[in-house]
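Report on one structure; see the data block that follows.
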């Protein structure tokens, strides 16, 4: 499969925990669809201490995985919101 584009998108979204509304990270997202996966290289600013876990309420919102040979976080449905 093809790797994600080398040039990162310019649109930045803020990703929040759906349970406690704590900001998790700022992510450079391409496209208009739902947030299904986050490539680790595109995370602009990370506010989490442990990967895939909210620092405020300690709920798990994502799993670490390899997508198209690139490290990424696969979001668990309904655990995050974005603006």
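We did not get these values from a lab; they are worked out from the coordinates using the rules stated. What you see is a predicted model; the values in this text were computed from it and never measured. All Cβ positions, glycine included, derive from the backbone under ideal geometry; neighbour counts span all protein chains shown.
One table, with the values for the structure above:
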{"item": "Whole-number D in µm² s⁻¹ for the stretch 15-82, Kirkwood Cα-pair radius fed into Stokes-Einstein, 20 °C, 1.002 mPa s", "result": "179"}
{"item": "Sorted by Cβ density within 10 Å, fewest first, the residues 24, 35", "result": "35, 24"}
{"item": "Potential extension, residue 79-residue 41 segment - 0.36 nm per residue separation minus Cα distance", "result": "11.6 nm"}
{"item": "Residue 2 paired with residue 70, simple spin-label distance in nm, labels 7 Å along Cα-to-beta-carbon", "result": "1.2"}
